[in-house]
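Q: Quick one: this structure, given as structure tokens, is what I'll be asking you about.
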Amino acid sequence: MSGSPPPTGGFVRRVGLFQATAINMSQMCGIGPFVTIPLMVAAFGGPQAVIGFVAGAILSLCDGLVWAELGAAMPGSGGSYVYLRQAFQYRTGRLMPFLFVWTAMLFIPLTMSTGVVGFVQYLGYLAPGLGQHTGDLIGLGVIALVVVLLWRGIEHIARITAVMWCVMIAAVVLVIAAAATDFSAHLAFTYPAGAFDLTGERFWLGFAAGLTIGVYDYLGYSTTAYMGAEIKDPGRTLPRSVLFSILGIMGIYLLLQIGTLGVVDWHRMTDPHDIASTSVAAVVLEDTWGKGAADVVTVLILITAFASVFAGLLGGSRVPYDAARDRVFFRPYGKLHPEHRFPVLGLATMGVITAVGFLIGRHTDLATLIQLLTTVMVIVQALAQIIALSVLRRRQPALPRPYRMWLYPVPSVVAFTGWCVIYGYADKNSPGRHPIEWSLAWLALGGVAFLVWARLEQVWPFGSKETGEEHQALELT
């Protein structure tokens, strides 16, 4: 059951509710809102961009309820891998959990790479002469430092994350407080003509783009689900950490977005030559409390960005471990460090992909990177996991569920619809980049990798000899 001791030589349950919520919130907040407020304004074409954050919050909350039920029922290392393995074993055997791990090995590091891109953007406020090449080297150095810090035991990491969470809260509170001291309702609530024209395509294109950006800003509420094997009393802690982090960040984002729009003219945020388009929080502090205060808060934002990358790679590196241990992914990913008990190859691989994603974001744009990572994760994680919840309720009604989704199935339907909107509008919101085609190509490559893996393991790939009850027993031991 959820409180059972871990297997000998495996993970250790040392992360409590406060640390779990801090890990989620550090990953959720991070650099996201500090770099995406201008992107959201550009997508909507005005201060009505607040709609994007609200829509993203609703989708995240509904999707978070899916994570909460599944995470409480099956608190294993790997998150979605565990849930998809349980739900889809009856039809496709190992295919769906393998494809999830395959896509997660891409979209999790891409998410972390956006944090590093944002880190370098805000560093440019402190060092205006920072060149492209120098910025690239600094970003790669940040990624290397994160990997080095994660190369240790979970009890040390939990303490580090709690400290970083406090810094993140301080940075956000200071920006909100500064905005409140010089807030202009005229700037925040004066909308351009046609801002709410629901009959025009422009609004819905902006809404889809804003929903994508909004969801990106909330991504991270599931980080502790990937660490289920390291969470104390996961049946209670996991759902609470998911819900507390979403609700907390929801309030923070709305105050931050509205406060920023009440200080900085939204037209400045859409001008690529204006510092407000890349470091809007620093501009808020400079316009209200002066350059010195802006420099101090920018340093805190840099620490916050670092914390988000740290928390994301912490949880993400655990994803392939359980799959490899259960012979549903390449075996080398199932090995833990002999002393510190963390997945060595998973951490190293995601560190490398984060570095590649960072360079892509630096040499294209941040919006493209966000569109790509959200598109990649939709089919095999977001949509498949919502279906998995219903499949498991029907196939395994006796599965212990310490938490059950409120108002089921309404949140599942809302979340499913929202993810479909994000995917369906992806190419239109990223013209010339073809994120849908890239996501399908990555899935096709994953299918090839799956057949290669099956050949190496000498197993029939599309069937599973274990019954649902035996899979459940494996997970709960």
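Q: Across segment 435-477, which residue is modelled with the highest pLDDT among those that are part of a helix (DSSP H, G or I) and of a type in the set (Asp, Glu)?
A: Per the criteria, the residue is GLU437.
Q: Being in contact with a Ser or Thr (Cβ under 8 Å, 6 or more places away or on another chain) and open to solvent by 30 Å² or more (accessible area, probe 1.4 Å) is the filter here, so list the residues in segment 257-304 that pass it.
A: Passing the criteria: ARG268, THR270, ASP271, THR288, TRP289.
Q: Within segment 308-333, work out how many residues are at pLDDT 80 or above and small (Gly, Ala, Ser).
A: Here the count works out to 1.
Q: Return a yes/no flag: does segment 94-116 have any residue that is open to solvent by less than 10 Å² (accessible area, probe 1.4 Å), farther than 25 Å from TYR218 by Cβ and touching a residue at least 24 places away in the same chain (Cβ under 8 Å).
A: yes
Q: Does GLY32 count as open to solvent by 10 Å² or more (accessible area, probe 1.4 Å), touching a residue at least 24 places away in the same chain (Cβ under 8 Å) and within 17 Å of VAL280 (Cα to Cα)?
A: no
Q: Next question, about the same structure. Are any of the residues in segment 126-145 of a type in the set (Asp, Glu) and at pLDDT 90 or above?
A: Checked against the condition, which is being of a type in the set (Asp, Glu) and at pLDDT 90 or above, segment 126-145 yields at least one hit.
Q: Could you please give the count of residues in segment 334-366 that are among the charged types (D, E, K, R) and at pLDDT 85 or above?
A: Count: 1.
Q: Would you mind finding the one in ALA348, ALA398, ALA384 that is over 16 Å from the mean Cα position of the chain (by Cα) and either acidic (Asp, Glu) or open to solvent by less than 30 Å² (accessible area, probe 1.4 Å) (or both)?
A: Going through ALA348, ALA398, ALA384 in turn, the sole match is ALA384.
The values are calculated or read from the model by the stated rules, or taken from the named source; none is laboratory data. Model, not experiment: these values are computed from the prediction. Heads up, the Cβs are rebuilt from the backbone with ideal geometry, glycines too, and the neighbour counts pull from every protein chain shown. For accessibility, only protein heavy atoms count, side chains too; no ligands or nucleic acids. Shrake-Rupley method; radii C 1.70, N 1.55, O 1.52, S 1.80 Å.
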